[in-house]
């Protein structure tokens, strides 16, 4: 990780190259796929796509200084190619189509598959191909003999305009359209979601507002940025679903709808502690983005932090029901009895997960964010649960007692 800035600084000084320096994640799908924004520019004309790609490349470089930007493919037409433009009138008079002409040129130049042949269970392609010495120079293309369906022998130059031009090094397609992708890897200290918003508002929006796209061209965001948007929505619902399931399960076990609600007050404390743990990790140890696994730590916290509150509430209820203790005395006794096992279980859990946060190694970036969220959330929740849950429980029991007395008098 420490070599990344050094290597990138050296490669940037080499003229004519676009340097991409990245340490791939343990579970990365490919080079540059771990944490990137992919801007897909789709349309029919490759020249206009390259112009749009150059605008976006320059705009992103200004909006996100220090970002690593890579066009896929290159934003130039530096690859020489021979382009044939069919003469449709001439082809029609000879009874040929553009497909026939393309197949003929393919057979003469590179060879075309006519059929296949099976020999001892193996399939062998039958290729129709011109003589090897028939084409030595590009100028020889115009003199290629072509036999029309009528039997007439003509030259390829009479059926098409043959020009030597420059073309792209490769043609990529997405959704059956030509596409050029601008891959942007923001600086590690720059949040991916913020980079997405800046690219959308300050780079893509002005191009769309200037009517440079028309109806045939489109610009879409993909890559990790698109995955992040979908995953964030899914995890948001998963977090809510975890809270609802925990509440319903505790309601069934307690046979009461108020006590589980009190217990769930420990969840916001855990979420705040999780953000504190992630902040401390970024400030003092290493930068850790809020990725999918880190988000999953907040869902895990829902099932962990409620355990301490359950111990206090359950013991207090038993003191009231079985020992006929006053509510406040029952809560005080519950905290006194349960505080030791609460701290014992929390401390052992925290120290057991600290190696995930503190120790480096291969794959440590995969678990470090989750460990910091769980450790921070558990610490903060454990400390404040001892004070908050008894206070809320005391207020609730006092309110229930007051309501019962008012009904008795009435």
Taking a label point 7 Å from the Cα of residue 276 along Cα-to-Cβ, the residues of region 373-391 whose backbone nitrogen sits under 14 Å from it are 373-388
Protection proxy ranking of 118-127, 253-262 - average other beta-carbon atoms within 10 Å, highest first
253-262, 118-127
For all pairs of alpha-carbon atoms in region 185-335, what percent lies in each bin of width 10 Å, listed from the first bin to the last filled one?
9, 26, 24, 17, 13, 7, 3, 1
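Can you give the Rg/Rh ratio of region 79-167, where Rg is from the C-alpha atoms and Rh is the Kirkwood radius?
1.04
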Yeah, region 256-409 with a ≥ b ≥ c from its alpha-carbon gyration tensor (a/c under 1.5 is rounded, else prolate when a/b outruns b/c, oblate otherwise) is prolate
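Taken together, the values in this text are just the output of simple stated rules run on the coordinates, not laboratory data. Please read these numbers as outputs of a predicted model, since none were measured by experiment. For neighbour counting, all protein chains shown are included, and Cβ atoms are generated from backbone atoms with ideal geometry for every residue, glycine included.
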